[in-house]
């Protein structure tokens with residue numbers, strides 16, 4: 001379904017039969033930066049998206065349930081971030097059904113913004129907690145957290161989360177793709193089974209780059225694309241990038257809704273756009289820019305590039321116009337560089353060798369391997385595609401469908417030892433890790449796979465309300481939140497209460513595992529918890 005607008009053939013193609021022509025876009029981002037790159041003709045006709053970070057391209061950050069201005073935190077599960085790439089989303093020319101919560105009776109993503117009072121009850125887009133029979137196990141996003149909670153900004157999930165994956169609206173559309181990483185569970189809407197088939201950008205999605213590392217966005221030039229002038233666009237977005245014009249006072253937490261203490265306002269400076277005109281010609285070419293071209297609509301409502309002005313920070317590293325670092329190479333200072341490359345297609349990277357698990361912790365793995373090379377000249381590879389799969393082996397057939405790993409493996413000289421860490425995993429789980437090297441045209445070599453099992457869960461490494469969470473199917477269920485508040489405000493302020501909480505930490509996880517897998521036990525547990533919840537409500541603490 002990936003869309004490419006073909007340009008009419010005006011002249012013969014350039015490359016010989018045994019050569020491949022590529023465009024390589026190079027940049028060095030700051031940390032936690034969302035990035036998309038696409039190519040257009042010199043006259044502004046969209047051709048193809050060549051790179052997009054997987055939060056948008058695979059995990060549906062721009063088209064998921066919840067209002068767009070929900071607060072944010074690490075791996076926040078709800079709220080469609082339609083302000084992330086407004087220029088790109090309006091340029092690519094595609095639309096998708098909007099994803100809304102299953103209990104959103106309006107089916108309109110705009111209906112719930114600012115709704116308060118009696119109408120709030122039927123306005124699911126304002127909520128963070130949803131019925132257990134509409135929530136399924138979450139393997140990527142974490143449950144919402146309040147500032148100061150354990151794991152607030154680590155990007156890892158302390159406990160298993162259950163989320164409403166949403167349904168397609170019958171009336172509203174989105175310029176962003178839905179999630180492509182889901183396998184429909186019984187409690188999910190039938191829409192979930194269609195999410196992946198409607199996402200044309202999953203194939204070019206990449207993990208969010210590690211800040212300060214040189215990144216590449218290679219694009220094989222179609223043989224039918226004529227030589228001539230083209231333009232590479234790079235759009236960047238970053239949460240909490242505040243300055244005096246764009247901050248949490250200008251864009252505060254949404255008023256009049258529950259759960260306002262979870263997360264923090266995230267809307268700072270808008271998306272920053274870089275533009276590099278370049279030429280595809282008979283020989284190698286290059287072009288670059290050190291300046292930003294403008295910025296996107298702060299509200300995400302149009303695709304117009306606003307020209308640079310004094311509302312955007314230009315003198316602070318990592319902020320505003322400096323979200324991409326200034327790089328020096330061969331006397332050229334750039335933030336985005338575009339190079340055209342011509343290379344033989346017969347020389348592919350070899351597979352990584354001696355892949356070994358150096359350490360297996362509860363939620364992360366550290367692995368090493370010996371760097372491969374390209375061809376008889378033993379050229380250094382450009383980078384690695386690392387993917388992980390739980391519960392079944394990675395093979396040639398399913399590698400592309402396995403989850404890309406958000407880690408940076410720097411390219412090293414052939415024969416050097418490479419080491420990297422994968423985080424955000426589940427305890428006591430079998431994982432298969434697959435690694436492929438690629439060259440500067442994104443041609444991949446042989447696949448190397450290793451199986452590793454994460455360590456056992458440590459005592460106390462789970463949320464104190466895990467049994468209640470398993471029973472209700474969502475950590476954010478109202479009664480679960482009441483029990484958690486009672487724990488923090490009353491139980492942990494007394495010696496006896498603290499002893500009880502510690503015992504619950506120790507023995508609860510095994511119980512929660514059994515409860516969460518049985519609808520009958522979940523219903524029974526809710527019945528047992530009901531009088532306790534009622535008594536706590538009566539205390540009015």
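Look at where the Cα atoms of region 30-81 and of region 176-222 average out, and the two centres are 10 Å apart. When its C-alpha radius of gyration is set against 2.2 N^0.38 Å (N residues), region 19-339 gives a value of 1.02. Per-residue Cβ neighbour counts within 10 Å put 280, 435, 374 in the sequence 280, 374, 435, beginning with the fewest.
Percent of alpha carbon pairs in region 353-453 separated by more than 16 Å? I get 54 percent for the Cα pairs in region 353-453 exceeding 16 Å. Fewest-first ordering of 301, 32 by other beta carbons within 10 Å of each residue's beta carbon gives 301, 32.
Considering region 124-237, its Cα convex hull presents a mean projected area of 11.5 nm².
Going from the residue with the fewest nearby Cβ atoms within 10 Å to the one with the most, 408, 92 rank 408, 92. Here the spin labels are modelled as points 7 Å beyond Cα on the Cα-Cβ line, and at residue 315 and residue 243 they lie 1.1 nm apart.
Bear in mind these aren't lab numbers, they're just calculated from the coordinates by the rules spelled out. A quick note: this is a predicted structure, and the numbers were derived from the prediction, not measured. For neighbour counting, all protein chains shown are included, and Cβ atoms are generated from backbone atoms with ideal geometry for every residue, glycine included.
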